[in-house]
Amino acid sequence: MALLDAHPEAGFCYGRPLRFRHGGPLPAARTRSTGSVVYPGHWWLERRFREGTGCITSPEVVVRTSLQRKVGGYDPELPHAGDIEMWMRLASHADVGYVAGADQAYYRVHGDNMSTTDFGGQLDDIRQRRVAFTAVLDKCADRLPQAGHLARLVDTRLARQALRRAYRAYDRGRTDVVPVDELVAFARECRPDAEALPEYRALRLRRRIGPRAMPYLQPLILSAVVDRAREWLWWQSWKRRGI
């Protein structure tokens, strides 16, 4: 609230959520802020398109009532990605504040979380995200002159994510339960030239090796090592900045 009072150009602000397991004790929350920042709304919005995912779980946000009434709430036609779509819609109209250091909400994690997906649900998750990003471009077209650029960004990111999930099924010996062919088809929907992406080359290599041998050879494959390093770096970045 203090951030929004000090920055009338910010339409909403958020901070780090503190996750805890259903049925478990609440972890100790940090209550001391180490600062705050206000991001230009369109810059923050482009970052979401560039990454192809959201960075907000939901309870850690405070939105100006006037902006919420102007832009609207969750879209009922987007039950699985309506939160991502709404935050981006808000950012198309106003700047975005972030509170560092102090935890802003508890977020309970349990087996029925909508964000929890099994192997078959991985494809549904990525498809729903694409629908959400497309909805933002349609609803906010008059405010986003760079819509073509944003569409290209998110289609590339989602195609790469789909292909990464496909080739990691070989690394983990899960090709019998992960919809590899459907993930590849989705990548081609996003990017007709998906074969030119490095993730497709990684998938092609694993197909040559085969699903039986790949789990044993995975530590020797460069793309697998890079994947683990990328995940660690992403997690560290998310913990530091929350953007």
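Can you find even one residue in segment 166-179 that is closer than 15 Å to residue 124 by Cβ, exposed (fewer than 15 other Cβ atoms within 10 Å of the Cβ) and not polar (S, T, N, Q)?
Taking every residue of segment 166-179 in turn, at least one turns out to be closer than 15 Å to residue 124 by Cβ, exposed (fewer than 15 other Cβ atoms within 10 Å of the Cβ) and not polar (S, T, N, Q).
One line per residue, one yes/no per condition, for (1) free of Cβ contacts under 8 Å to residues at least 40 places away in the same chain; (2) in the same structural domain as residue 71 (by TED's automatic domain parsing):
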| residue | (1), (2) |
| --- | --- |
| 98 | no, yes |
| 103 | no, yes |
| 131 | no, no |
| 139 | no, no |
| 172 | no, no |
| 182 | no, no |
| 188 | yes, no |
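Of the numbered conditions (1) modelled with pLDDT under 95; (2) farther than 15 Å from residue 17 by Cβ, residue 70 satisfies every one except a single condition; which is it?
The single condition residue 70 does not satisfy is (1).
Consider only pairs whose beta carbons are under 6 Å apart and that are at least six residues apart or on different chains; among these, list those whose first residue lies in segment 34-51 and is over 16 Å from residue 93 (Cα atoms) and basic (Lys, Arg) and whose second residue is modelled with pLDDT of 95 or more and crowded, with 18+ Cβ neighbours inside 10 Å.
50/153
Would you point out which residue out of 11, 15 is crowded, with 19+ Cβ neighbours inside 10 Å, in contact with a Ser or Thr (Cβ under 9 Å, 6 or more places away or on another chain), closer than 18 Å to residue 144 by Cβ and in contact (Cβ under 8 Å) with a residue 40 or more places away in the chain?
After applying the criteria, what remains is 11.
Pick from segment 140-188 the residues that are among the acidic types (Asp, Glu) and under 21 Å from the mean Cα position of the chain (by Cα): which of them is farthest from residue 71 (Cα to Cα)?
182
Tell me which of these residue 192 doesn't satisfy, since it passes every other one: (1) surrounded by 15 or more Cβ atoms within 10 Å (Cβ to Cβ); (2) modelled with pLDDT of 95 or more; (3) not in a helix (DSSP H, G or I).
Looking at each condition in turn, residue 192 falls short on (1).
Among the residues of segment 199-218 satisfying the criterion of being outside any loop (DSSP other than H, G, I, E, B) and farther than 11 Å from residue 167 by Cβ, which is modelled with the highest pLDDT?
Filtering first and then ranking leaves 208.
Examine segment 149-160 for a residue that is modelled with pLDDT under 95, crowded, with 17+ Cβ neighbours inside 10 Å and touching a Lys or Arg at 6+ places or on another chain (Cβ under 8 Å), and state whether such a residue exists.
Looking through segment 149-160, none of the residues is modelled with pLDDT under 95, crowded, with 17+ Cβ neighbours inside 10 Å and touching a Lys or Arg at 6+ places or on another chain (Cβ under 8 Å).
The values are calculated or read from the model by the stated rules, or taken from the named source; none is laboratory data. Remember, it's a predicted structure, so these values are computed and weren't measured experimentally. Cβ atoms come from the backbone with ideal geometry, glycine included; neighbour counts cover every protein chain shown.
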